[in-house]
Amino acid sequence: MNKLSRSDIFNYAFYMFTDSLVVVMPLGYMSVFLTDNLMMSAALMGTLILVARLVDTVVGILSGGIIQRAREKGTMYSKWITATRWIVSVGVILMFTNTTGTPMAVRCVLSFIAYCMVNCSMNFVQTSQFNILAVMGGASMENRNKLAFRGTQFVAAASILSSLITVPLITGLQPVVGSAYSYMIVSVIYAIPYIFGCHFLAKACLKYERASTVSVGPSIPVREMVKSVVTNSQLLILLVVNSISYMGTFIIMTLAAYYFIYVLGNFMLMAVSMTISTVFGLFAAIVGPKVGVRLGKKRAMVIGLLVGVIGQLLIFFFARNSVVPYVIIGCCASLAGYFYLGFGANYVLDCGEYHFHKTGKDNRAVAMGMMTFPIKIGLIVGGAVGSFGLAVIGYTAGMAPSPDFVSNFMIVFSLIPAALSFIAMLVMLFGYHISDADAARYAKENAERAAAYVAAKAAADSAENTLPSN
């Protein structure tokens with residue numbers, strides 16, 4: 001097995017850095033671009049994104065099984081990353097292309113296509129990346145955590161960079177090229193590094209893939225892949241927890257730009273807030289995972305979600321008139337969030353190891369494919385609540401917000417995410433039972449089982465080749 005080198009850790013983390021940059025515009029600015037630049041109504045925007053996310057979810061569910069099948073036939077995980085990076089990059093740029101000179105139907109179709117290009121491709125990229133974590137880290141929990149934690153730190157660095165430059169770039173370019181084109185230029189700036197990030201990750205992981213026993217085993221029928229998900233109780237609990245949590249997250253992300261424009265009345269405050277929060281987030285990304293290791297994965301997530309609940313309640317009461325409480329509360333919640341966010345894909349990987357250990361059937365790639373499922377559910381439900389919530393409370397582009405509008409907005413923006421985080425915390429507390437010690441034992445014994453299978457298969461092949469021919 002190849003030793004995990006510093007350069008390989010860097011390449012893994014650099015990919016996560018560029019991945020975080022390429023999704024900045026789709027996640028944070030697509031909604032406001034569609035309503036305030038392509039002049040879609042909030043209801044139309046919400047419907048378009050909802051349909052696109054449903055398609056994305058179906059692809060996400062299928063991606064793990066497709067990758068598992070391809071891996072059994074010799075297709076490396078790195079191939080998916082290099083093959084789809086171009087589709088993702090072009091899709092991000094198309095998503096923010098100025099189509100105001102075309103009929104509304106054309107704008108909707110192009111936006112739908114762009115969304116599907118980005119997110120459907122990301123299903124294969126991210127599932128492959130999660131499996132690469134297992135391949136590069138091997139059975140060592142220390143190596144897996146090392147990759148995940150360094151990746152988290154690079155994600156925090158990307159957040160700082162994007163917070164510093166995104167809004168200033170958009171607003172600075174608007175007088176020169178116009179509002180719509182300013183979004184497109186920024187999307188190009190973020191799409192280019194992603195192409196290189198994918199290249200470096202694929203190059204770094206290739207030698208580990210060639211030597212790895214991950215996904216080495218007898219071919220597994222599709223029905224068994226499906227069964228491996230529905231019978232993996234701990235994976236199902238984790239999917240429920242993450243789905244509910246992401247619903248709240250994407251409500252906030254959908255409405256964040258509107259909060260600064262219409263509640264605080266100053267879009268530039270978004271850059272100030274995000275810069276301070278993400279600079280602190282880098283500190284949190286370094287300190288938080290260390291606290292998380294001491295707490296253990298389960299307790300880390302429970303405490304992190306609980307602090308998030310308290311933070312959203314405080315934002316509802318104290319962040320309507322000033323950005324200062326919003327930033328302070330957000331920083332505290334960020335530190336607690338990194339207690340568990342630093343573990344990244346290791347939660348799902350633990351569930352995959354658990355099921356492999358329990359059944360003897362290696363469907364870890366399928367389990368890793370399900371990691372994107374909660375994100376899709378969060379995008380669908382959270383995005384819909386945010387988008388249609390705007391329509392329900394009477395939002396129109398360029399409006400002068402009334403006190404009632406602000407009050408109703410803060411209910412959607414803060415109280416609903418708080419309630420969702422509280423439910424997620426309870427499910428995690430009472431439903432998840434894999435300890436860190438159990439996960440380490442499962443990984444070790446599964447690696448031994450996979451190695452034994454490889455040795456037995458090699459011996460059988462050797463014996464077959466030495467049989468005398470008739």
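One line per residue, one yes/no per condition, for (1) closer than 21 Å to ALA191 by Cβ; (2) assigned to a helix (DSSP H, G or I):
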| position | (1), (2) |
| --- | --- |
| GLY101 | no, no |
| ARG107 | yes, yes |
| SER128 | yes, yes |
| MET136 | no, yes |
Taking the conditions exactly as written (of a type outside the set (Phe, Trp, Tyr) and farther than 18 Å from TYR12 by Cα), does SER78 satisfy them or not?
no
Failed item, numbered, when SER182 is tested on (1) surrounded by 20 or more Cβ atoms within 10 Å (Cβ to Cβ); (2) more than 21 Å from the chain's Cα centre (by Cα); (3) touching a residue at least 60 places away in the same chain (Cβ under 8 Å)
(3)
Can you spot a residue in the stretch 361-370 that is more than 20 Å from the chain's Cα centre (by Cα), under 26 Å from ILE67 (Cα atoms) and surrounded by fewer than 21 Cβ atoms within 10 Å (Cβ to Cβ)?
yes
Picking from LEU314, LEU335, which residue would you name as being closer than 27 Å to PRO403 by Cα, free of Cβ contacts under 8 Å to residues at least 60 places away in the same chain and assigned to a helix (DSSP H, G or I)?
LEU314
Set SER243, SER273: member being part of a helix (DSSP H, G or I), farther than 18 Å from LEU415 by Cβ and more than 19 Å from the chain's Cα centre (by Cα)
SER273
Scanning for something among the hydrophobic types (A, V, I, L, M, F, W, C), modelled with pLDDT under 90 and more than 27 Å from the chain's Cα centre (by Cα), does the stretch 422-445 turn up at least one residue?
no
Out of all the residues in the stretch 378-397, is one or more farther than 29 Å from PHE317 by Cβ, modelled with pLDDT under 85 and assigned to a loop (DSSP other than H, G, I, E, B)?
no
Selection from the stretch 1-60 of residues among the aromatic types (Phe, Trp, Tyr) and crowded, with 20+ Cβ neighbours inside 10 Å yields TYR12, PHE14, TYR15, PHE17, TYR29, PHE33
Identify all residues within the stretch 398-407 that are touching a helix residue (DSSP H, G or I) at 6+ places or on another chain (Cβ under 8 Å) and either assigned to a helix (DSSP H, G or I) or at pLDDT 95 or above (or both); write none if there are none.
PHE405, VAL406
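The values are calculated or read from the model by the stated rules, or taken from the named source; none is laboratory data. This is a predicted model, so every value here is computed, not measured. FYI the Cβ positions are ideal-geometry reconstructions off the backbone, even for glycines, and counts take in every protein chain you see.
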